[in-house]
1. Pick from Leu349, Leu296, Leu368, Leu373: which is free of Cβ contacts under 8 Å to residues at least 60 places away in the same chain, over 25 Å from Asn247 (Cα atoms) and buried (at least 20 other Cβ atoms within 10 Å of the Cβ)?
2. Could you tell me which residue of segment 27-79 is surrounded by the most Cβ atoms within 10 Å (Cβ to Cβ), considering only residues that are among the basic types (Lys, Arg) and modelled with pLDDT of 95 or more?
3. In segment 100-125, how many residues are closer than 20 Å to Thr285 by Cβ, over 17 Å from the mean Cα position of the chain (by Cα) and outside any loop (DSSP other than H, G, I, E, B)?
4. Among (1) more than 20 Å from the chain's Cα centre (by Cα); (2) at negative phi; (3) in contact (Cβ under 8 Å) with a residue 12 or more places away in the chain, which single condition is Gly92 missing?
5. How many residues are surrounded by fewer than 16 Cβ atoms within 10 Å (Cβ to Cβ) and either among the polar types (S, T, N, Q) or assigned to a loop (DSSP other than H, G, I, E, B) (or both) if we restrict to segment 126-158?
6. Look at Phe128 and say whether it is free of Cβ contacts under 8 Å to residues at least 12 places away in the same chain, of a type outside the set (Val, Ile, Thr) and on the phi < 0 side of the Ramachandran plot.
7. Tell me whether segment 266-284 contains one or more residues that are under 26 Å from Leu183 (Cα atoms), of a type in the set (Lys, Arg) and under 16 Å from the mean Cα position of the chain (by Cα).
8. Restricting the search to segment 325-361, which residues are in contact with a Phe, Trp or Tyr (Cβ under 9 Å, 6 or more places away or on another chain), assigned to a loop (DSSP other than H, G, I, E, B) and among the aliphatic types (A, V, I, L, M)?
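The values are calculated or read from the model by the stated rules, or taken from the named source; none is laboratory data. Just so we're clear, the structure is a prediction, and the values are computed from it rather than from any experiment. Using ideal geometry, Cβ is built from the backbone for each residue, glycine included, and neighbour counts are taken over all protein chains shown.
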Amino acid sequence: MVNRRAFMKSGAMALFAAGFGGVPSFIARATDGRKILSPYKKNKVLVCIFQRGAMDGLMAVSPYSDPNLKALRPTLYMSPAETEGKMIDLDGRFGLHPSLAAFAPFFTEGRMAIVHGVGSPNNTRSHFDAQDYMESGTPFSKSTNSGWLNRAVGLLGHEGTPFRAVSLTSSLPRSLYGDNESLAISNLQEFAIQMRGNPLATNLAAKSFESLYDQTSSQVLSRAGKESFDAIKMLNANNIKNYQPANGVVYPNSPLGNSLKQIATLIKMDVGMEVAFAESGGWDTHFNQGTANGALARNLKDFSDSIAAFWKDMDAYQDEVTVMTMTEFGRTAHQNGTGGTDHGRASCLFVLGNDVSGGKVYNNIKTLAKEDLEDGRDLPVSTDFRSVFSSVAGSHLKIGNNKILFPGWDGTGLGLMKA
């Protein structure tokens, strides 16, 4: 719950002043004696990226060696044997779409794992419902008030700053709804924060953080708040606007690229971020999907180039950061009559990090023969998304209570993280 007490305990806005030469005395006074994770050290950070619209996993990471695939997709089929725009062979069975070429080095180095045939056990083909189920983490219940990432924050075992869970979106995603502090920041320079989904949203939405400080009876904290806002003005002008990524990295000028750049900015500011969220749209490829070129190829390139830029920008922080992607469902195994694919079932996702047991396509896919397809048309879900999410969050953030993280689920983690 985002409230005045939380901001008073953490000295929230004051954290931004850390970049201006040490910890100001008013921060020490404001936080003295409080149980709080220090923002002045590197935290483990889980970055989640939602591909909204349902990515075609059968083209992103294609089981090209299955002879059924070419029959199912006569004009969409791709393979590593093609001379132009060919797939990148991963293991003799799966091929990476050429637009995902930026991922190939990570896979080869063992930093990236791919999970295929992953999805929800709920067979809905509604974008809205499938996203809601995946973000709540309860695929058969619409009554869950919180999101799985918000519950993950509550299981971290310590208090944090108000910046420990941040979504670089215009509104709070379903994943972060709940009682634990979480923020949606559409643009760091504007610092436009919305709190939809939090219990006090109605009362707090119209109040600036400065007004919250004004209302406190503590003169020390009131002064701290004023000084903090002066620091924010300097930060906006100098630290955010003029942020320079490491190693000469240039992010794609796209919504996802810009979001990841801002996440990198916050991580390097050491303001206590532990969970970050971003999203990418446009994955609903019903027509003219294309192969090496086309709508899907363009989206895949932006997706992989943005993540690759972020990872290279992280450089000295890579041991602390893990990136995990997700999409609500996949596309039909059979192409439709307009050169596209319709709503299906399973897709694939990517996990990137130094603590990932990568260089492998984790899957339980049988074949694409009609008898092995769900309803004779879809790649069935053979890996529950919760087994992936729990494995990644559990290992990287040291969260061990799956009963709270995913209520009603008695499965086990996939085991794609290093021990």
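1. Values: Leu349 fails: free of Cβ contacts under 8 Å to residues at least 60 places away in the same chain; Leu296 fails: free of Cβ contacts under 8 Å to residues at least 60 places away in the same chain; Leu368 fails: free of Cβ contacts under 8 Å to residues at least 60 places away in the same chain.
Leu373 is the lone residue from the list that is free of Cβ contacts under 8 Å to residues at least 60 places away in the same chain, over 25 Å from Asn247 (Cα atoms) and buried (at least 20 other Cβ atoms within 10 Å of the Cβ).
2. First, the residues of segment 27-79 that are among the basic types (Lys, Arg): 29, 34-35, 41-42, 44, 52, 70, 73.
Checking which are modelled with pLDDT of 95 or more leaves us with 44, 52, 70, 73.
Working: Lys44: 17, Arg52: 17, Lys70: 14, Arg73: 22.
That would be Arg73.
3. Within segment 100-125, residues that are closer than 20 Å to Thr285 by Cβ, over 17 Å from the mean Cα position of the chain (by Cα) and outside any loop (DSSP other than H, G, I, E, B) number 4.
4. Every listed condition holds for Gly92 apart from (2).
5. So the answer is 8.
6. Working: free of Cβ contacts under 8 Å to residues at least 12 places away in the same chain: yes; of a type outside the set (Val, Ile, Thr): yes; on the phi < 0 side of the Ramachandran plot: yes.
When the stated conditions are applied, Phe128 passes them.
7. Step one: list which residues in segment 266-284 are under 26 Å from Leu183 (Cα atoms), which gives 266-283.
Applying the additional criterion that residues be of a type in the set (Lys, Arg) yields 268.
Subsequent filtering for residues that are under 16 Å from the mean Cα position of the chain (by Cα) retains none.
Within segment 266-284, not a single residue is under 26 Å from Leu183 (Cα atoms), of a type in the set (Lys, Arg) and under 16 Å from the mean Cα position of the chain (by Cα).
8. Ala346 - this is the single residue of segment 325-361 that is in contact with a Phe, Trp or Tyr (Cβ under 9 Å, 6 or more places away or on another chain), assigned to a loop (DSSP other than H, G, I, E, B) and among the aliphatic types (A, V, I, L, M).
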